[in-house]
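Taking it in order: structure first as C-alpha cells, then the write-up.
Only the coordinates and a few stated rules stand behind these numbers; no lab work does. What you see is a predicted model; the values in this text were computed from it and never measured. Neighbour counts are summed over all protein chains in view; Cβ atoms, including those assigned to glycine, are modelled from backbone coordinates with ideal geometry.
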Amino acid sequence: MKKYETIAHDLKNRIENKEFETNKKLPTGDQLMVEYQASKNTISNAINILVKEGLLFAVHGSGFYVRNPKNNGTIKLSNTIGFSAEHPGEKLERTILSFELLPCDEKLAKELECEINTPIYAIKRLMYIDDKPFAVEYTYYNKEYIPYLSKEIAETSIFSYILNDLKLSIGFSEKYISAYPLSEEDRQLLLLEPGAFGLIIDDHTFLSNGKKFNYSKIWYNYKYANFFNNDKSTRN
C-alpha cells in the first residue's frame, strides 16, 4: 500500500471514530504534512481519496470539512481496493464454490482484453454479510499479471494479497450496472424467490500501468444491496 493510501486509511478511521466532528474542518494540509511526515502531494492524494468516498467536502478558500455520513450500509461504486475493504456490514465471510486455472475462451478474452488461451484464474464465491447471502461473484484474473492464486487466498482478500504481497498498484476500475433474472443455482444460493432478479455489476479493474488484470461479474441480492457514488458538481 502506498503512503498516501495508508494516510487515507488512517484518516478514515479517525473520522469514523469521531475524532473529527461532522461539518468541522479537517487539520490543514500543512498540519497533516507535519503529523504524517509526508509531502504536500502525498497529503493531497490522501485527501482526494476521502473526497471521492464522500467523507470530506471542500470549501473554496477554507479547506476540507467532514461530511455527515449517510452512506452506511452501502457499497461504494468508487471502490477499487476490493470487497473486503468496503463491505457494508460487520462481518464478511466467503464460500469458495469453484476455483480453476484454465485457458481463456473467446468471450473472456474479450472481457479481459487478452489473447485466447491466456491462462486465467476463474473463481466463483458466495459472499455473506452478517450471515446473510449477499452476492455471488464470478471473478477472473489474468495469470500474466497475477502469477499465483490459491483457494486459501481466495477465502480471504484477493485484492489485499495483490496490494500487500504482490506489491502491485491498482489504477482504476470501470463498473457497469444492470439487472437480470438469476439462474436457478444462483437464486437458491441467495435464498431468493423463484423468478427473482439480481443486481449485477460488471467490474473491470486495471493496474496503474493501464493493464486489465481482473474482470468480475457480481450478482447482488436485491434485498440487501445498496450502492453509493459521490459525484463532484460541475455547475457554475
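Ordered by residue, what ³J(HN,Hα) values in Hz, to whole numbers, does the stretch 141-149 give under the Karplus form 6.51 cos²θ - 1.76 cosθ + 1.60, where θ = phi - 60° and Gly and Pro are x?
Along the stretch 141-149, the couplings run 10, 6, 5, 4, 9, 10, x, 8, 9 Hz.
How many Å³ per residue does the convex hull of the Cα positions in the chain occupy?
149
Once amide H atoms are built 1.01 Å from N in the peptide plane, which residues 5 or more positions from Phe227, or in another chain, come under 5 Å H to H?
Correct list: Ile75.
Which FRET efficiency, nearest 0.05, do Leu191 and Ser98 yield, Cβ-Cβ r, R0 25 Å?
The computed FRET efficiency comes out at 0.80.
Would the stretch 3-66 count as rounded, prolate or oblate if I go by the C-alpha gyration tensor, calling it rounded below 1.5 in a/c and otherwise prolate when a/b exceeds b/c, oblate otherwise?
Values: a/c = 1.44, a/b = 1.19, b/c = 1.20.
The shape class here is rounded.
In Å and whole numbers, how far do the C-alpha atoms of the stretch 157-236 stretch along each principal axis, longest first?
44, 43, 18
Fewest to most neighbouring Cβ within 10 Å: what's the order for Thr42, Thr95?
Ranked by crowding around the Cβ, least crowded first: Thr95, Thr42.
Specify the residue with the greatest mean-square fluctuation among Pro194, Pro133, Pro119, computed from a Gaussian network of the chain linking alpha-carbon atoms under 10 Å apart.
Of the options given, Pro194 has the highest mean-square fluctuation.
Output wanted: per-residue J couplings in Hz (rounded whole) for the stretch 186-201, from phi through Karplus 6.51 cos²θ - 1.76 cosθ + 1.60, θ = phi - 60°, x for Gly and Pro.
Result, ordered by residue: 5, 4, 5, 4, 8, 6, 9, 6, x, x, 5, 8, x, 7, 10, 10 Hz.
Pairing the Cα long axis of helix 40-52 with the longest principal axis of the chain, what angle in degrees results, from 0 to 90 and rounded to the nearest 10?
So the helix axis and the longest Cα principal axis differ by about 60 degrees.
At a threshold of 8 angstrom on Cα-Cα distance, excluding pairs fewer than six apart, so keeping six or more, what relative contact order does the chain reach in percent?
With pairs under 8 Å counted, the relative contact order is 18 percent.
Excluding residues fewer than 8 places away in the same chain, name every one of the lysines whose C-alpha is closer than 24 Å to that of Lys3.
By straight Cα distance, Lys3 reaches Lys12, Lys18, Lys25, Lys40, Lys52, Lys76, Lys167, Lys211, Lys212.
Which whole-Hz ³J(HN,Hα) couplings does the stretch 95-106 yield from phi under the Karplus relation 6.51 cos²θ - 1.76 cosθ + 1.60, θ = phi - 60°, glycine and proline marked x?
Calculated HN-Hα couplings, in order: 10, 7, 8, 7, 8, 9, 10, 9, x, 6, 7, 4 Hz.
Check Ser169: other-chain or 5+ apart residues with amide H under 5 Å from its amide H, H built from backbone geometry?
Under 5 Å from the amide H of Ser169: Ser208.
Compute the long axis of helix 3-16 from its Cα atoms, compare it with the longest principal axis of the Cα atoms of the chain, and write down the angle in degrees, 0 to 90, nearest 10.
Helix 3-16 sits roughly 80 degrees off the main axis of the chain.
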